[in-house]
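In what follows, a structure is listed as structure tokens, so that the remarks can point back to it.
The values are calculated or read from the model by the stated rules, or taken from the named source; none is laboratory data. Keep in mind that this is a model prediction, so the values were computed, not measured. Backbone-built Cβ (ideal geometry, glycine too); neighbour counts: all protein chains shown. Ligands, DNA and RNA are stripped out before the accessible areas are found, and what is left, the full protein with its side chains, is counted by its heavy atoms. Shrake-Rupley method; radii C 1.70, N 1.55, O 1.52, S 1.80 Å.
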Amino acid sequence: MPRLSRRDLHGAIFSDLKDRNTWDSRQSMFYRMRHNGLRRKSKPWAGASDAHFPLSDTIIEKLKPYFFQQLFATDIIAQFTPIKGDALPYATGASQWFDYHLKQKSNLEREILSVVDAMLTGGRGVLKVFWDKDKGLSYQSIDPQHIIVPTWTRNLWEADRIVHVQNYSQEGYRRNKLFRQGDEFIRRITGDGDSKSGDLSKRQDMHQREGLTFSNDDTITLWEAWTRDDKGKWECETFSPLEPDVDVRDPYQLPYKHGNPPFCAFEYEVKDDRWYSPRGVCEMVAVHEAELCKLMNEKNDYMTMVNRPLFRSAREIPNAANLKFNPGQILPFDIQPVQ
């Protein structure tokens, strides 16, 4: 099958985004559920209780150390077995060297925490593994919504195409000398690219939770698209969704001998054989969290009603505006509580 042209690839990516629109909306809902809670749709009166029981967040924070310790609690990450018995000391030294460089000479410890958090929240975590010429072996935790694949994808190495959505500030873009520069070109690719990444609603929620004013006027969104050539080898094309015909970076083939794209996927739940199938903790306990929130709000509403009861009078109240209900106060005439 021949490779797609740039215009056809651009349209196919938009189609992939459209197909997963419901999934994107659910990810935004799960983010709000965990951090701020899903607020009451209608309060019975102004100032009524709108509390949130953090069930999903509590479970996630308890599970994160368990997954982290699976990797870092052992003495060494991996053991090597030599083919010849007399090479056993070298295998032991290689295991220790490998463990030291992964734990002490890379950013794996920091990035894997973000991957585990994303996996528990939405059911899917993604880790990008690449070689940095200055830092050596490097890792990058990727928001699952920033990985766009066709809906029929099962595993990343079997995907027809993989798109890594990247967001840069103008200053960050200019510092990367591998990217196409020029004031006019940067102006054309700066703007509403966030709407092309499928996570606009979630990004707004994130900025509001962190106390930031959301604005995408200065954001540069790039698509790092990984596709296969006629021989099945992966090739990377980097371009802006606003200027799909212009390469932001020169295309290049996958430089690694293993032949797989530089992404590792983590699933919280092994379920259906599709990329968007796994559920996270938030989706699994959503019903229970909603019930606990309702129970808490109803209890608070009841306490408000009991502690601030309504009264009715047997006759007309003169100067009702001057009547104040305070503990221990003697009221001037017959009133009865409303049950």
For this session: Out of the residues in the stretch 132-178 that are surrounded by 19 or more Cβ atoms within 10 Å (Cβ to Cβ) and among the aromatic types (F, W, Y), state the one that is farthest from S5 (Cα to Cα).
Result: Y139
Seminar exercise, completed: Scanning the stretch 222-238 for residues that are under 25 Å from R187 (Cα atoms) and out of contact with any helix residue (DSSP H, G or I) (no Cβ under 7 Å at 6 or more places or on another chain), the one surrounded by the fewest Cβ atoms within 10 Å (Cβ to Cβ) turns out to be E224
For this session: For residues that are without any contact (Cβ under 8 Å) to a residue 12 or more places away in the chain and of a type outside the set (K, R), scanning just the stretch 257-276, find the one that is least open to solvent (accessible area, probe 1.4 Å).
Result: D272
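For every residue, the table says whether it meets (1) touching a residue at least 40 places away in the same chain (Cβ under 8 Å); (2) surrounded by 16 or more Cβ atoms within 10 Å (Cβ to Cβ).
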{"position": "S15", "(1), (2)": "no, no"}
{"position": "Q27", "(1), (2)": "yes, yes"}
{"position": "Y31", "(1), (2)": "yes, yes"}
{"position": "R34", "(1), (2)": "yes, yes"}
{"position": "R40", "(1), (2)": "yes, no"}
For this session: Restricting attention to the stretch 278-322, report how many residues are of a type in the set (D, E, K, R), farther than 30 Å from G125 by Cα and part of a helix (DSSP H, G or I).
Result: 4
